[in-house]
Amino acid sequence: MSLVKQVFSLVRSSHLSPYSCKYSRRDYTQHQLLTIILFKEHRKEDYRTVISNLEEMDRIREYLGLTSIPHFTTIQKFFHRIKPICFDILFKCTLKIFYNSDDTISITAIDSSGFTSGYASHYYSVRTGKLRKHFLKTSIAVDTDQQLITGFMISKNRIHESRHGLVLLKKCHKSLRSDCYVMDRGYDSEKMHRLIRDTLKADSVIPTRSWSNTANIRGKYRKEMTDNFDVVRYRKRVLVETKFSVLKRRFGADLKSRSFQIQKKEIACKIILANLDRIILFVWIEGFYRAKKPCEDPPLYS
């Protein structure tokens, strides 16, 4: 119930219009439908299952103001129809809860992974001898202190990490600045260092690729990595892998959609929910410690 309240409040604060068109039937608002979609992704259910379960959840229906249960095709068509920019706005709204516009992150870790988009069953793949699996390359930037995802990028084809990293760095810098960026050696390039050091005015901690002879390493900043490598800050990089593990275990690593544009929306929903989970956890911990705070001693009477 706490997740539904947070999602519904977030959707209403995103300035999304209640109805997509002035000529719509107005049976359900876009806020209600989008909340149901995010609730479906959180429970890792399909359209039919979430609508079937919603019929038994009276408190959620009452909170959302649903006088009737929508058909599962209503949710499906709305998810296909809604523009991807709406999910970008929702993602930025999750960041505004924790950060101000002038805040600076101490360390940001960047890494990439893949979300599987296979449609054939395992039995069919074994019988035919063909593994019909494809994945979407996804890169995320994580605040190592708050464990929040501050930026993401999705591509359909397999591309090198450095190409994702260059675009993701510029994208993250526009919303939240960071004092330091840590990445693994897959992002090692002098162009990456120059972007972080000279353009973004931040520190970069990226280990060089393993070469038998370090004298062959070229570039001012790459040579600096071999001589003065910051091991303490680089150890924070493992937290972005932890975030990927949490993201896939909590909300699933498989994508149910077939179209690339819909798959991008599905991954965006998972990332938004991951940030909302941190917000709910933060509120719960803050309320717990407030409850455990000792009361003042009562006055003594003579």
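So the check is Cβ under 6 Å with 6+ separation or different chains; which pairs have a first residue in the range 2-18 that's in contact (Cβ under 8 Å) with a residue 12 or more places away in the chain and a second one that's assigned to a loop (DSSP other than H, G, I, E, B)?
Partner pairs satisfying both residue conditions: P18/T29.
Can you name the number of the only condition in (1) more than 23 Å from the chain's Cα centre (by Cα); (2) closer than 23 Å to A253 by Cα; (3) hydrophobic (A, V, I, L, M, F, W, C) that L66 fails?
L66 satisfies every listed condition except (2).
Quick test of your reading of the structure: S101 fulfils all but one of (1) outside any helix (DSSP H, G or I); (2) under 21 Å from the mean Cα position of the chain (by Cα); (3) surrounded by 12 or more Cβ atoms within 10 Å (Cβ to Cβ). Name the failing condition by number.
For S101, the exception is condition (3).
When you go through E45, E41 one by one, which is the residue that is over 17 Å from the mean Cα position of the chain (by Cα), within 17 Å of A268 (Cα to Cα) and of a type in the set (D, E, K, R)?
Among E45, E41, only E45 is over 17 Å from the mean Cα position of the chain (by Cα), within 17 Å of A268 (Cα to Cα) and of a type in the set (D, E, K, R).
Does the range 62-83 contain any residue that is crowded, with 16+ Cβ neighbours inside 10 Å, at pLDDT 90 or above and among the charged types (D, E, K, R)?
Scanning the range 62-83 turns up no residue that is crowded, with 16+ Cβ neighbours inside 10 Å, at pLDDT 90 or above and among the charged types (D, E, K, R).
Which is at negative phi, not polar (S, T, N, Q) and not in a loop (DSSP other than H, G, I, E, B), of I69, I85?
Result of the check over I69, I85: I85.
Looking only at the range 209-239, count every residue that is of a type in the set (S, T, Y), crowded, with 16+ Cβ neighbours inside 10 Å and modelled with pLDDT under 90 and tell me the total.
1
Please find, among K77, K92, the residue that is over 18 Å from the mean Cα position of the chain (by Cα) and either free of Cβ contacts under 8 Å to residues at least 60 places away in the same chain or outside any strand (DSSP E or B) (or both).
Numbers: K92 fails: over 18 Å from the mean Cα position of the chain (by Cα).
Going through K77, K92 in turn, the sole match is K77.
Do you know which residues across the range 158-170 are surrounded by fewer than 20 Cβ atoms within 10 Å (Cβ to Cβ) and either modelled with pLDDT of 90 or more or in contact with a Leu (Cβ under 8 Å, 6 or more places away or on another chain) (or both)?
To start, the set of residues in the range 158-170 that are surrounded by fewer than 20 Cβ atoms within 10 Å (Cβ to Cβ) comprises 158-160, 162-163, 166-167, 170.
Within the range 158-170, L166, V167, K170 qualify.
The values are calculated or read from the model by the stated rules, or taken from the named source; none is laboratory data. Please read these numbers as outputs of a predicted model, since none were measured by experiment. Ideal geometry is used to build each Cβ from the backbone, glycine not excepted, and the neighbour counts take in all protein chains shown.
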